[in-house]
1. Taking the condition at pLDDT 95 or above and in contact with a strand residue (DSSP E or B) (Cβ under 8 Å, 6 or more places away or on another chain), does residue 206 pass?
2. Go through region 251-268 and give me each residue that's in contact with a strand residue (DSSP E or B) (Cβ under 8 Å, 6 or more places away or on another chain), within 10 Å of residue 187 (Cβ to Cβ) and not in a loop (DSSP other than H, G, I, E, B).
3. How about region 219-234: which of its residues are modelled with pLDDT of 95 or more and either within 20 Å of the chain's Cα centre (by Cα) or not in a helix (DSSP H, G or I) (or both)?
4. Could you tell me which residue of region 90-107 is farthest from the chain's Cα centre (by Cα), considering only residues that are surrounded by fewer than 23 Cβ atoms within 10 Å (Cβ to Cβ) and within 17 Å of residue 58 (Cα to Cα)?
5. Considering each of 264, 241 in turn, give the residue that is surrounded by fewer than 16 Cβ atoms within 10 Å (Cβ to Cβ), at pLDDT 95 or above, under 22 Å from the mean Cα position of the chain (by Cα) and closer than 29 Å to residue 165 by Cα.
């Protein structure tokens, strides 16, 4: 099983030097992937710009959007940006796509929230037409650059519920799930739902990734709680406290247990989500899991 890690773009204190240090350290050998998530109405760097910086400062790891919400973008422009990232990274781009669950992000860019699963599938179809070099405008040149594969980058569905996973099996190459605990039940439900959905459509075995938040060190619990209070600010306090109560990876032992749990359930990759901007976390995790 592969181990990837997200850049701490949702953590306070991230700046140019620390972000580049994260990229360089992640690329040094232990990790399989470097991932970046998207928020609009939040204090995080923009996802595509950040992935471009990562593409320029790494040469080995996969670069994963974990995840982009296509309904917050024009599909043709997003297809062009992603193809450019795929070119800059020599084909290392893996595109995680989802519908998002934050109304504030939709409001910030004047995007409606209705029919999101259908609109996500429509956006994927539009992007694949761009990547196949089908002209967008009659008698005009295709929208380039062409990605490294004619069908475009690998697409993973950032879906959590069995129903959403089943719908995404129509267009995705695999799953990039997320477990809040992480509990065995959460991870098993998502991974089993993906296997069943892909098999039901007669499609090849999907790539199965999962992920979870973690914190390490003497103040790990306080660090994780502070991160979640900030990141989940769109939730009512009672709902936010419920999430905090089930998040349990606050020690080296818990981290090893959670990763082993994912391995035992047949995950192909774990994408860890740090709750600090300190680049030393890259080596702390590698020391624990290597």
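1. Criteria met by residue 206.
2. 258, 262
3. 219, 224, 227, 228, 230, 231, 232
4. This residue is 90.
5. That would be 264, the only listed residue that is surrounded by fewer than 16 Cβ atoms within 10 Å (Cβ to Cβ), at pLDDT 95 or above, under 22 Å from the mean Cα position of the chain (by Cα) and closer than 29 Å to residue 165 by Cα.
Yes/no matrix, rows are residues, columns are (1) out of contact with any helix residue (DSSP H, G or I) (no Cβ under 8 Å at 6 or more places or on another chain); (2) surrounded by fewer than 16 Cβ atoms within 10 Å (Cβ to Cβ):
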position	(1), (2)
179	no, no
193	no, no
207	yes, no
216	no, no
220	yes, no
224	no, no
246	yes, yes
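The values are calculated or read from the model by the stated rules, or taken from the named source; none is laboratory data. Not measured: the values here are computed from a predicted model. Note that we place each Cβ from the backbone using ideal geometry, even for glycine, and neighbour counts take in every protein chain shown.
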